[in-house]
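Asks: Pasting a structure below so you can have a look.
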Amino acid sequence: MRLVEAVREALRKAADPGKAPAMQAYMKSAMPFLGVQAAPRRAALRKVFAEHRLGSAPEWRRAVLELWREAEFREERYAAVELTGFRYYRDYQTLYTIPMYEEMIVTGAWWDLVDELATHRVGGLLAAYPETMRPLMLEWAHDSDLWKRRTAILSQNRFKERTDSALLFACIEPSLSDHDFFARKAIGWALREYAKVAPREVVRYVQAKGITGLSRREALKNLPVT
């Protein structure tokens, strides 16, 4: 696909190979980096995406998955994530994208790839299609896959006053006994975001559930509670 080829070429042109080893080490990534930092990567991708507009939702999904599945460098997966959110394709954010996002979340399996999908893409679908997405998030919250659970927990992070607290707490509770750092961090992050609009409710929940450690510190980080 021409778009995919153009993305790869643009990333290579923007790369600083000398930065690649440190980037790979910081991200603890088995997949190598080209050495393209965030700002030049985004600038290069915006240009490529604008020059190679895709004409249909299926074509867009194919391009995303081709970039994702055939990636040799981590920046190609970043490009796939950015393509999912590019402004030309806002109308393509429908329930048909769920299998694509699920695949990316499960196979990405790291915060730098999953969190953008969780808070923006899956969260956007939850806002647009609550009747379908609410039970799906509850299902994911109980999944054996850590990253699907993390996605369910973080899916309302941008909702503010629109947060469905019952859903938030229901998505958190299956992971309360999980000692994994990324589960604990997700719980604290989601509660901290909700605390911006409902601080008393978050304090009550943290105390009622006996939440401790990292999750508690993150949840109450900006509140006058210790």
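The values are calculated or read from the model by the stated rules, or taken from the named source; none is laboratory data. All figures in this text were calculated on a predicted structure; none of them were measured in a lab. All Cβ positions, even for glycine, are placed from backbone atoms using ideal geometry, and neighbour counts span all protein chains on display. Please note that ligands, DNA and RNA were not included when accessible areas were found on the heavy atoms of the full protein model with its side chains. Shrake-Rupley method; radii C 1.70, N 1.55, O 1.52, S 1.80 Å.
Asks: Pairs please, first residue from region 177-198 and within 10 Å of L154 (Cα to Cα) and at pLDDT 95 or above, second anywhere and polar (S, T, N, Q) and assigned to a loop (DSSP other than H, G, I, E, B), Cβ atoms under 9 Å, 6+ apart in sequence or on different chains.
Replies: W189/N157; A190/S155; A190/Q156; A190/N157; E193/Q156; E193/N157; E193/T163
Asks: I need the full set of residues from region 126-135 which are part of a helix (DSSP H, G or I) and within 20 Å of V64 (Cβ to Cβ), in order please.
Replies: Restricting attention to region 126-135, the residues satisfying the condition of being part of a helix (DSSP H, G or I) are 126-128, 130-135.
Of everything in region 126-135, those that are part of a helix (DSSP H, G or I) and within 20 Å of V64 (Cβ to Cβ) turn out to be L126, A128, M133.
Asks: Please find, within region 144-189, the residue that is surrounded by the fewest Cβ atoms within 10 Å (Cβ to Cβ) out of those that are charged (D, E, K, R) and closer than 14 Å to R134 by Cβ.
Replies: The initial filter retains those residues of region 144-189 that are charged (D, E, K, R), namely 145, 148-150, 158, 160-162, 164, 173, 178, 180, 184-185.
Imposing the further condition that a residue be closer than 14 Å to R134 by Cβ reduces the set to 162, 164.
Working: R162: 10, D164: 16.
Within region 144-189, the match that is surrounded by the fewest Cβ atoms within 10 Å (Cβ to Cβ) is R162.
Asks: Filtering region 190-226 down to residues that are part of a loop (DSSP other than H, G, I, E, B) and among the polar types (S, T, N, Q), which residue is most open to solvent (accessible area, probe 1.4 Å)?
Replies: Narrowing region 190-226 to residues part of a loop (DSSP other than H, G, I, E, B): 196-198, 210-212, 220-226.
From what is left, the residues that are among the polar types (S, T, N, Q) are 212, 222, 226.
Numbers: T212: 87, N222: 111, T226: 151 Å².
The selected residue is T226.
Asks: Just to verify a result, which residue in region 117-129, among those that are surrounded by fewer than 20 Cβ atoms within 10 Å (Cβ to Cβ) and not hydrophobic (A, V, I, L, M, F, W, C), is farthest from A38 (Cα to Cα)? Steps first, answer last, please.
Replies: Going residue by residue through region 117-129, those that are surrounded by fewer than 20 Cβ atoms within 10 Å (Cβ to Cβ) are 120, 124, 127-129.
From what's left, not hydrophobic (A, V, I, L, M, F, W, C): 120, 124, 129.
On the way: H120: 18, G124: 23, Y129: 31 Å.
Out of the qualifying residues, it is Y129.
Asks: Quick one: what pairs do we get from region 3-27, first residue without any contact (Cβ under 8 Å) to a residue 60 or more places away in the chain, second open to solvent by 40 Å² or more (accessible area, probe 1.4 Å) and assigned to a helix (DSSP H, G or I), C-beta under 6 Å, 6+ apart or different chains?
Replies: Listed by first residue and then by second, the contacts come to A14/P40.
Asks: Report, ordered by the first and then the second residue, all pairs with beta carbons closer than 6 Å, sequence separation of six or more or different chains, a first member in region 35-55 that is within 18 Å of Y89 (Cβ to Cβ) and in contact (Cβ under 8 Å) with a residue 24 or more places away in the chain, and a second member that is open to solvent by less than 50 Å² (accessible area, probe 1.4 Å) and among the β-branched types (V, I, T).
Replies: Pairs that qualify, where the first residue is within 18 Å of Y89 (Cβ to Cβ) and in contact (Cβ under 8 Å) with a residue 24 or more places away in the chain and the partner is open to solvent by less than 50 Å² (accessible area, probe 1.4 Å) and among the β-branched types (V, I, T), are V48/V7.
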